[in-house]
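Engineer: Shown below is the structure under consideration.
Values in this text are rule-based calculations from the coordinates and carry no lab data. Nothing here was measured: the structure is a model prediction, and the numbers come from that model. Cβ: placed from backbone, ideal geometry, glycine included. Neighbour counts: every protein chain shown.
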Amino acid sequence: MVLSTSERKSSARERLLARLLDAFGEALPPPEMSLREVAARIETSHALLRYHFGSLPGVLAAMLTAQRSRDNEALLEAAQQGTFDDLVVAIWRTYSRPEQLSRARGFFYVVGLAAYGPEDFRGFVESIGDLTLMLTSLAEREGLEKKEAQDVATVTIAAIRGLLLQEILTPGTRSEDAVALILRIRESRSVPRLRPER
């Protein structure tokens, strides 16, 4: 069987990505590391990395997308067995572990770049909603209407990401208490609806 050029390129990119993930484990190359240094670490050329990923931020985005995809598989198992609250706690514990802080920093770094050029980070941007979809499904399973389930899931993920950013910028700010507060607010369902401005 003869592979097309795009299939060969995709397969070469996947092999490079696997080598990057093996070399850096759960961490990411820091933004101050050059593409040449990253290439040396995985024993390839920086030209090859540039060809397949475009830049160091492109490498980071591809690695984050792959790492989060693996995380999501484990979290999906938790979602199938547990409740909305169980999944929220599992998400927080997954990403707030000290060994995950490198990835959390990398995530916010790439998000900042994607805010200025979403087309340059299309795959990364498209993958960001995966956890929201999982939480939406659980919220619906627990009796919320589709729109309310989406809103609750979106706000919950936004709050978790905000807490992660706070933990990165000011470590030890009692974020565990804040996660418990998010869950209590959802349970009370006493959050007032905003009235449209006149």
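Engineer: Taking the Cα centroid of region 17-77 and of region 146-165, what is the distance between the two, rounded to the nearest whole Å?
Structural biologist: Here the two parts' Cα centres lie 27 Å apart.
Engineer: Below 8 Å between Cα atoms, with a sequence gap of 6+, how large is the relative contact order for region 59-188 in percent? Mind dumping the intermediate values first?
Structural biologist: Numbers: 85 pairs, mean separation 35.3, N = 130.
About 27 percent, as a whole number.
Engineer: Still on this structure: So which GluC sites (Glu not before Pro) in region 11-105 are both in a DSSP loop and have at most 11 other Cβ atoms within 10 Å of their Cβ?
Structural biologist: Glu32, Glu43
Engineer: So, one more: Quick one: Karplus J couplings for region 34-40, per residue in order, coefficients 6.51, -1.76, 1.60, θ = phi - 60°, nearest Hz, x for Gly and Pro?
Structural biologist: Along region 34-40, the couplings run 7, 4, 4, 5, 5, 4, 4 Hz.
Engineer: Now for a different question. Give the residues of region 88-105 whose amide nitrogen is closer than 19 Å to a point set 7 Å from the Cα of Ala23 in the direction of its Cβ.
Structural biologist: Label zone hits: 102-103.
Engineer: Over the Cα atoms of region 59-188, what radius of gyration and what Dmax do you get, in Å?
Structural biologist: Reported Rg and Dmax, both Å: 14.6, 42.
Engineer: Hey, what did region 1-102 get for relative contact order, percent, Cα under 8 Å, at least 6 apart?
Structural biologist: On the way: 54 pairs, mean separation 26.0, N = 102.
Relative contact order of region 1-102: 25 percent.
Engineer: Using the beta-carbon distance between Ala74 and Val155 and R0 = 22 Å, what value does 1/(1 + (r/R0)^6) give for FRET efficiency, to the nearest 0.05? The partial results should precede the final answer.
Structural biologist: Numbers: r = 23 Å, r/R0 = 1.07.
The computed FRET efficiency comes out at 0.40.
Engineer: Okay, moving on. Among all helices in the chain defined by DSSP H, which have a length of 27 Å or more along the axis from Cα atoms plus a Kyte-Doolittle mean of at least -0.5?
Structural biologist: Details: long enough: 5-24 (28 Å, -0.60); 56-81 (38 Å, -0.04); 146-169 (34 Å, 0.53).
Taking the DSSP H segments of the chain (at least 27 Å long, mean hydropathy at least -0.5), we get 56-81, 146-169.
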